[in-house]
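Participant: The structure is given below, and queries will be raised subsequently.
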Amino acid sequence: MGKQSQAWKNLERAVAELFGGKRITRAGDYSQKDIDVEHPLLAFDAKYRSSLATWSWFKKLEKDIAKIEKHKGKIPCLILKEKGKGGMLAVIKAETLRDLIMEAKSGK
């Protein structure tokens, strides 16, 4: 059980490291509402689950892009929309998001 209970904490640590943020700890008081990682631009909430359909959809998108010559090298971006809900979600790899942010900051 120790490894399982640490997985979500390890995810939060990895997000903080990847984006140069700071993991927010709650000192055992999980009723305290807050985001998981403090960052000057983004508000991170990290969720660790045993499976997500989103991964299958994203992997399929990556494979489709790789097969179509005119799309090779493009950034995969999966758009999710829930029926009856306003707005959409965009799913890209975290490393890609970090790279895009760094590129925007450097003005390239």
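The values are calculated or read from the model by the stated rules, or taken from the named source; none is laboratory data. Only a predicted model underlies this, so the values are computations on that prediction, with no experimental measurement involved. Neighbour counts are summed over all protein chains in view; Cβ atoms, including those assigned to glycine, are modelled from backbone coordinates with ideal geometry. Side chains included, ligands, DNA and RNA excluded: accessible areas come from the protein's heavy atoms. Shrake-Rupley method; radii C 1.70, N 1.55, O 1.52, S 1.80 Å.
Participant: When residues of the stretch 44-62 are filtered for being at pLDDT 95 or above and either part of a loop (DSSP other than H, G, I, E, B) or basic (Lys, Arg) (or both), how many remain?
Facilitator: The total comes to 2.
Participant: Continuing with this model, one more query. For the stretch 56-66, indicate whether the set of residues that are closer than 18 Å to Asp45 by Cβ, out of contact with any helix residue (DSSP H, G or I) (no Cβ under 6 Å at 6 or more places or on another chain) and of a type in the set (Asp, Glu) is non-empty.
Facilitator: No, because not a single residue in the stretch 56-66 is closer than 18 Å to Asp45 by Cβ, out of contact with any helix residue (DSSP H, G or I) (no Cβ under 6 Å at 6 or more places or on another chain) and of a type in the set (Asp, Glu).
Participant: Can I ask one more? When the stretch 30-52 is examined, which residues are found to be of a type in the set (Ser, Thr, Tyr) and surrounded by 10 or more Cβ atoms within 10 Å (Cβ to Cβ)?
Facilitator: The one that is of a type in the set (Ser, Thr, Tyr) and surrounded by 10 or more Cβ atoms within 10 Å (Cβ to Cβ): Tyr48.
Participant: Could you list, in sequence order, the residues of the stretch 68-108 that are open to solvent by less than 80 Å² (accessible area, probe 1.4 Å), assigned to a loop (DSSP other than H, G, I, E, B) and under 25 Å from Gly20 (Cβ atoms)?
Facilitator: Pro76, Cys77, Ile92, Lys93, Gly107
Participant: Take the conditions touching a residue at least 24 places away in the same chain (Cβ under 8 Å) and in a loop (DSSP other than H, G, I, E, B) and apply them to Ala27. Does it pass?
Facilitator: no
Participant: Please verify whether the stretch 46-59 includes one or more residues that are of a type outside the set (Lys, Arg), out of contact with any His (no Cβ under 6 Å at 6 or more places or on another chain) and more than 20 Å from Leu11 (Cα to Cα).
Facilitator: Yes.
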